[in-house]
Amino acid sequence: MPSISINLKEGTLAKNTQQDLIVGIDLGTTNSLVAYMDENTGQAIAIKDEEGSNKLVPSIIHFLANGAVEVGNNAKGQLVNNPQNTIYSVKRLMGKSFTDIATHSQYFSYKIIDDDTESLVKIRVGDKFHTPIELSAEILKSLKQRAEKALDRSISKAVITVPAYFNDSQRQATRDAGKLAGLEVLRIVNEPTAASLAYGLGTNQSQAQTIAVYDLGGGTFDISILQIEEGIFEVLATNGNTFLGGDDFDRAIVDYWLEQANLTAKDLQANKALGQNFRLAAEAAKMALGTQGIFETTINKEPFSLSKEQFNALAKPLVEQTLKNCQQALKDANLNKTDINEIVLVGGSTRMPLVQEMVAAFFEKPVHTKLNPDEVVALGAAIQADILAGNNKDMLLLDITPLSLGIETMGGLMDVIIPRNSKVPTKAGREYTTQVDGQVNMRIAVYQGERDLIADNRKLGEFELKGIPAMPAGFPKVEIAFIIDADGILRVRAKELRSGIEQSIEVRPSYGISETEMAKMLLASMQNAQTDMQARALQEALNEADQIINTTEKFITKNTEHLSTKEITETQKHIAHLKTTLASKDKDKIHAAIEQLNDFSRPFAERIMDVAIASAMKGKKI
Ligand code: AMP
């Protein structure tokens, strides 16, 4: 790893990595936290807000009328009254396209753009379009500021955690969010790995251990089975339910009370404030019954109560569902319950005694509960950060790639395939497709660097995959694989999966570049993060517009006889309007015009769904 660090304020290079404090960040669906390692006590500590009371930052972003942004508790206060301008659960959208989330789109009360493509989702607030990356960056900025205020120093480096099941594109989105927030993301760490580190598991390198990390939060459940050997964590299996969490226990209590009061869920929909009162009382009951036998309250002047036994009867089926996921994860990892050495609990909902008891009974072993389940992931991230800073000599550091490696895609954009700081040896790949009907050759240009436009990165080489069978655009499936061996040599292989033709090159990314040059490239990427992101967003909007104009024009030509004259002329008007916005170089205007065209053409496109053209719209173009 290059031992050169950068001073973001002054834009200078400094050779003293040791003094840098790297924070650990748990970027959560409901709440986020930032933690650091206290050098005096050697303890990881989660940082509180300015009032010194709260460590959790609700992962909620509110846009004020003047365009300013609020994050955290203030934003949370706007959820009920200002739902269109208040964004929650943005983590669920990271690295996703609309088609990925279409079945759950009713879960979000803000506007997610259905552009009917596989490009990444955007969220509309007023007349601005935001990506989940930009929104997550707002949360990260607020955590960075909190840490800078509390510790009275500037913070520019972080370790950020993600769920073990996050794919490449979700991890890359998280890195990009960090960069946009002015943070150099030294590593993306799996949440269960961080939680295990917080309990000191895996620090004893000689002993191989198998760990189950049971994470029940507010809205999601994850079980991960990890193996640690010689300081290296491997995820053996993950399972879970992205729509089961503490909220469901609250809902079960509300339903129980409604039944007693002869009310229905419809009554609550009609009276939002009453619904909110029921939900808050239910959550209070759930928490209180952790330590007391009965809970009593009044809602709307009516008395309601719940005993511990009644609550446990309501909660048991929900916990049983999570145990089914545990069973499946064990099966996928080819393990028995008794193979698990340690069980770590994560997430606020694991405070429920019933959860602790049922999980311990399932694994036939006591569970770890010593640490605050809301904090363990952030604390573990801070411990990992400390290891990366070189302060924990007992933990081993693996060879890593100092700069990201990727290829050029449509419009001169850099598509990262192996992110910087990946462990070596490593292997990663992604599928691409053609831009033009009948395209038989594909040029693959390999780049190194952190900038969004390849023009700003360093070219390592290029080659051509020749002899792709002629097919409509979007049909060929070209898998591009990057393989780095233990000596740091990169082999890039392109293979068309339908025909099997392949071609490859070998390069040595470290050849002809010094550590100082690498550090300078990194510095430039941090300084230009904002403009780079804007340039990328504009280029992506232009690409998307191009693609949609193309497919819509093709669609009209092919289906003229099924369309009315009005449909054709109106569509052409929308296309002409979209074309005029392209020159404006304003991504929001372009997206708005794309949305208008899509909204107009969707009804008749659905009517005459043409399978070939629909699938031609899918897939990323090189
Ligand atoms: P998290 O997403 O990990 O912050 O977890 C939040 C969830 O934990 C919410 O559903 C809370 O109601 C729940 N929670 C927090 N404290 C308790 C508690 N003492 N007992 C039961 N559930 C709790």
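The values are calculated or read from the model by the stated rules, or taken from the named source; none is laboratory data. None of these values were measured; they are calculated from a predicted model. Note that we place each Cβ from the backbone using ideal geometry, even for glycine, and neighbour counts take in every protein chain shown. These accessible areas exclude ligands, DNA and RNA; they are computed on the full protein's heavy atoms, side chains included. Shrake-Rupley method; radii C 1.70, N 1.55, O 1.52, S 1.80 Å.
Across the accessible surface of the range 531-617, with the other protein chains kept in place and a 1.4 Å probe, carbon and sulfur atoms take up 57 percent.
For Cα pairs less than 8 Å apart in space and 6+ apart in sequence, what is the mean separation divided by the residue count of the chain, i.e. the relative contact order in percent? Intermediate results must be reported in sequence, preceding the final value.
Details: 1156 pairs, mean separation 78.6, N = 622.
Contact order relative to length: 13 percent.
Note on the range 246-313: with neighbouring protein chains present and a 1.4 Å probe, carbon and sulfur make up 48 percent of its accessible heavy-atom surface. The Cα atoms of the range 452-577 give a gyration tensor whose axes a ≥ b ≥ c have a/c of 1.5 or more with a/b no greater than b/c, which makes the shape oblate. Per residue, the range 531-617 exposes 51 Å² of solvent-accessible protein surface, assessed with a 1.4 angstrom probe and all protein chains in place. Seen from H591, the other residues with C-beta closer than 11 Å to its C-beta sum to a net charge of -2, counting Lys and Arg as +1 and Asp and Glu as -1.
Computed over the Cα atoms of the chain, what is the ratio Rg over Rh, Rh following Kirkwood? Mind showing how you got there, number by number?
Working: Rg = 26.0 Å, Rh = 26.5 Å.
So for the chain, dividing Rg by the Kirkwood Rh gives 0.98.
Model label points for E570 and D127, set 7 angstrom from Cα along the Cα-to-Cβ axis, are 2.3 nm apart.
At 0.36 nm per residue, minus the direct Cα-Cα distance, what do L538 and Q260 gain on full extension? Give it in nm, one decimal, please. Walk me through the intermediate numbers first.
Numbers: separation 278, 0.36 × 278 = 100.08 nm, distance 5.53 nm.
Result: 94.5 nm gained on full extension.
Here the range 354-456 exposes an accessible surface that is 50 percent carbon and sulfur, computed with a 1.4 Å probe and the other protein chains kept in place. Ordering A284, L306, G246 by the projection of their Cα atoms onto the charge dipole of the range 246-313, which places +1 on the Cβ of Lys and Arg and -1 on the Cβ of Asp and Glu, puts A284 at the extreme positive end.
Taking Cα pairs under 8 Å and at least six residues apart, what relative contact order does the range 352-456 come out at, in percent?
RCO, the range 352-456: 22 percent.
Pop the C-beta distance of K301 and S109 into the FRET formula with R0 = 45 Å and round what comes out to the nearest 0.05. List each step's numbers first, then the result.
On the way: r = 29 Å, r/R0 = 0.65.
Step by step, r from the Cβ atoms, then E = 0.95.
Among all stretches of the chain without exposed GluC sites (Glu not before Pro) (DSSP loop, at most 14 other Cβ atoms within 10 Å), which one is longest? Intermediate results must be reported in sequence, preceding the final value.
Numbers: sites that count: E10, E39, E50, E51, E118, E230, E364.
Here the longest run is 365-622.
What dipole magnitude, in Debye to the nearest 20, does the range 405-527 give about its Cα centre under +1 on Lys/Arg Cβ and -1 on Asp/Glu Cβ? Present the calculation step by step, with values, prior to reporting the outcome.
Values: 16 positive and 17 negative charges, 36 e Å.
Here the size comes out at about 180 debye.
Cross-link partners of K272 among lysines, defined as those whose alpha carbon lies under 18 angstrom from its own and excluding same-chain residues fewer than eight positions apart: K76, K301. Using a probe of 1.4 angstrom and keeping all protein chains present, the accessible surface of the range 42-132 works out to 48 square angstrom per residue. Taking the Cβ of V57 as the centre, find all other residues whose Cβ is under 9 Å away and add up their charges (Lys, Arg: +1; Asp, Glu: -1). Local net charge: +1.
Can you compute log10 of I(q)/I(0) for the range 246-313 with the Debye formula, treating each Cα as one identical point scatterer, at q = 0.12 Å⁻¹? Taken in order of the listed q values, log10 I(q)/I(0) reads -0.27. Around V213, with a cut-off of 11 angstrom between Cβ atoms, what is the net charge of the other residues, counting Lys and Arg +1 and Asp and Glu -1? Value of the local net charge: -4. A simple charge model with +1 on the Cβ of Lys and Arg, -1 on the Cβ of Asp and Glu and nothing else charged puts the dipole of the chain at about 700 debye relative to its Cα centre.
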